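Below you'll find the structure, written out as structure tokens, and then a few comments.
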Amino acid sequence: MSEEVTKIIDALCDKLGVAATYLIPELAKKSIAQDVVSIVLCVVALFVITMFVQWIVKKNIDENGCMGGESVFFLCIFPVFAGVIVFVVFWSTLGDLAGWLASPTAMAIEKITGMIK
């Protein structure tokens, strides 16, 4: 069975013009890099949204330290919802990255790479 898998991977790599020992780890690196970039972008987006909400709140506090009323709520509600959505994407991507690093797929890639060498 492992010989058949090796032949299929070699045939695929011949068509793509790369060596199988290069292709599989490279695909793993690309997937991990994509997750890392998504996590960084989510952190930056959450920071910007937090700064924007903080700016709105500071701008609408009067001399007595009270909020300006309903306008602050309506100004902050959409950025807060956007922040929740970005946080959900962040958490999902973080879980995907952790799952990729500890998954049977990563172990299978290591095993296939070892069989090809």
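Throughout, read-outs are computed from the coordinates displayed, never taken from laboratory work. None of these values were measured; they are calculated from a predicted model. So basically every Cβ, Gly included, is an ideal-geometry build from the backbone, and we count neighbours across all protein chains shown.
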What is the gain in length, in nm to one decimal, between Lys58 and Leu12 on full extension, counting 0.36 nm per residue of separation less the C-alpha to C-alpha distance? 10.6 nm
With R₀ set to 30 angstrom, the calculated FRET efficiency between the beta-carbons of Ser31 and Val80, to the nearest 0.05, is 0.45
